[in-house]
Amino acid sequence: MHPTGVATAAWVFASEPSKTPFYLAGGLLAAWAVLLGAFGFTHPDFPGSAVASRIVMLTSAVLVAATLTTAVTTAGEAVTNEGGAAGPTGSPAPTSALNLSADPTGKLAYDKKQATVRAGRFPIRLVNNSSLPHNLTVAKGAKIVAQTKTISGGSATTTANLTAGEYVFYCSVDAHRAAGMQGTLTVK
């Protein structure tokens, strides 16, 4: 493989959110180390010759380099913009659950103003470490489609089964929504 191919392969691994290349390279390095250790203990004259020593060192160096390279190229997280948006499209990556936290200091706010989930059935979880009571209500227009219990100092969970579209989430306690405790939920 020539240098351009190496750069292309590194770019493919870097753009891939999967950590599989790192796990594979790390697993091979660990297996190689165990194999060398076991073989070295049972064969005191291992590796035996200068050529075999060079092969062992070269193989070890290649595996270490592969592990380091894949660690660096797969270490990145999605770049997040203000409001929870991720990636070049500007919309949050869909998740399989809606998890929000109320501001623990008592400010009337959630930790996110935007969220994106996959269409279908998913859990909704509110964490409220504040002494003020809060809930998490999801609505489409004026119709409430899901709502957690109102809680203070704890967490509440419910489920929703939503089709693709735009929804709003908010706290329905007193005037919390009017004070800004709301956001947009995109279901994809």
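The values are calculated or read from the model by the stated rules, or taken from the named source; none is laboratory data. Computed from a predicted model, the values in this text were never measured in an experiment. Note that we place each Cβ from the backbone using ideal geometry, even for glycine, and neighbour counts take in every protein chain shown. Side chains included, ligands, DNA and RNA excluded: accessible areas come from the protein's heavy atoms. Shrake-Rupley method; radii C 1.70, N 1.55, O 1.52, S 1.80 Å.
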At R0 = 35 Å, FRET efficiency that the Cβ-Cβ distance of V62 and T42 yields, to 0.05: 0.90
Residues of the range 35-79: accessible area per residue with a 1.4 Å probe, Å²: 71 Å²
Carbon plus sulfur fraction of accessible area for the range 85-188, probe 1.4 Å, in percent: 52 percent
Under 30 Å from the Cα of K19 - lysines, other chains or at least 8 residues apart: K112, K113, K188
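What are the equivalent ellipsoid semi-axes of the range 142-188, built from the alpha-carbon gyration tensor (square roots of five times its eigenvalues), in whole angstrom, biggest first?
20, 15, 9
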Förster-model FRET efficiency, 25 Å R0, R118 and T157, C-beta, rounded to 0.05: 0.90
Rounded if a/c under 1.5, otherwise prolate or oblate - the range 98-172, Cα gyration tensor axes: prolate
